[in-house]
Amino acid sequence: LVGSGSVIYSAGPAAILAYAIGGLLVLLIMRMLGEMAVMNPDSGSFSTYADRAIGRWAGFTIGWLYWCFWTLLMGWEAYVAGKILNSWFPFIPIWGYMLMVIIGLVWVNLQDVKNYGEFEFWFALIKVIAIVLFLVVGSLAIMHLWPWGEPAVAGITNLTAQGFMPGGFSSVVTALLGVMFAY
């Protein structure tokens, strides 16, 4: 959710186009991966398909790049969570929140599968509820129904005042980096 703000900032209303292109790319990749899995079932990860098709170096590289991605992402997520929590409760430094988040994530990952799955279910539900609330509040703002008691400053005109693509198509391509990271 935090990363989508930079995508919207860079692409403007055309962020919807960046998300649509990114979604299409993910759909195509998953179809290709599904076809490879049906043709050559394997108990390994997706890097085994690169290993078979391109060579051992490709499978090795993809496997380690995937591990590095998730390792770096955990640090980034901890930093973002620490920054958000520090803005709410500034009496604890960002690194303190980062430490708590990392310890919490490691603790959750060390639980048995049932508890881990339960944790993931409830946190995914929180994310879905937050997204639905954002959509409701955003829709109310576009229809000039939010905030109540104040002059209507929101609406669709704010979204298109500088054009659908204020930065041109290159800003949509740049926003694709953040979109693909989020997908």
- [ ] Identify the residue in region 49-72 that is hydrophobic (A, V, I, L, M, F, W, C) and open to solvent by less than 70 Å² (accessible area, probe 1.4 Å) and, among all such residues, is nearest to Gln162 (Cα to Cα).
- [x] Cys68
TODO: Look at Met32 and say whether it is part of a helix (DSSP H, G or I), more than 23 Å from Leu1 (Cα to Cα) and either open to solvent by 80 Å² or more (accessible area, probe 1.4 Å) or out of contact with any helix residue (DSSP H, G or I) (no Cβ under 7 Å at 6 or more places or on another chain) (or both).
DONE: yes
Open item on the list: Report every pair of residues separated by at least 6 positions or lying on different chains whose Cβ atoms are under 6 Å apart, first residue within region 142-167 and under 21 Å from Ala11 (Cα atoms), second at pLDDT below 75 and open to solvent by 90 Å² or more (accessible area, probe 1.4 Å).
Closed with: Ile142/Ile156
Open item on the list: Between a residue in region 22-51 that is among the β-branched types (Val, Ile, Thr) and any residue that is part of a helix (DSSP H, G or I) and surrounded by 12 or more Cβ atoms within 10 Å (Cβ to Cβ), which pairs come within a Cβ distance under 7 Å, given they are 6 or more apart or on different chains?
Closed with: Thr48/Gly59
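Table: residues versus (1) aliphatic (A, V, I, L, M); (2) in contact (Cβ under 8 Å) with a residue 24 or more places away in the chain; (3) out of contact with any strand residue (DSSP E or B) (no Cβ under 7 Å at 6 or more places or on another chain); (4) surrounded by 12 or more Cβ atoms within 10 Å (Cβ to Cβ).
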position: Val80; (1), (2), (3), (4): yes, yes, yes, yes
position: Asn86; (1), (2), (3), (4): no, no, yes, yes
position: Pro93; (1), (2), (3), (4): no, no, yes, no
position: Leu105; (1), (2), (3), (4): yes, yes, yes, yes
position: Gly117; (1), (2), (3), (4): no, no, yes, no
- [ ] Restricting attention to region 38-48, report how many residues are surrounded by 12 or more Cβ atoms within 10 Å (Cβ to Cβ) and at pLDDT below 90.
- [x] 3
TODO: Would you check which residues across region 91-134 are of a type in the set (Phe, Trp, Tyr), within 18 Å of Val2 (Cα to Cα) and modelled with pLDDT of 95 or more and list them?
DONE: Tyr97
TODO: Could you identify the single residue in Ala58, Ala37 that is among the hydrophobic types (A, V, I, L, M, F, W, C) and either outside any helix (DSSP H, G or I) or in contact with an Asp or Glu (Cβ under 8 Å, 6 or more places away or on another chain) (or both)?
DONE: Ala58
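The values are calculated or read from the model by the stated rules, or taken from the named source; none is laboratory data. From a predicted model like this one, the values you see are computed outputs, not experimental measurements. As a convention, Cβ positions derive from the backbone with ideal geometry for all residues, glycine included, and neighbour counts pool all protein chains shown. Please note that ligands, DNA and RNA were not included when accessible areas were found on the heavy atoms of the full protein model with its side chains. Shrake-Rupley method; radii C 1.70, N 1.55, O 1.52, S 1.80 Å.
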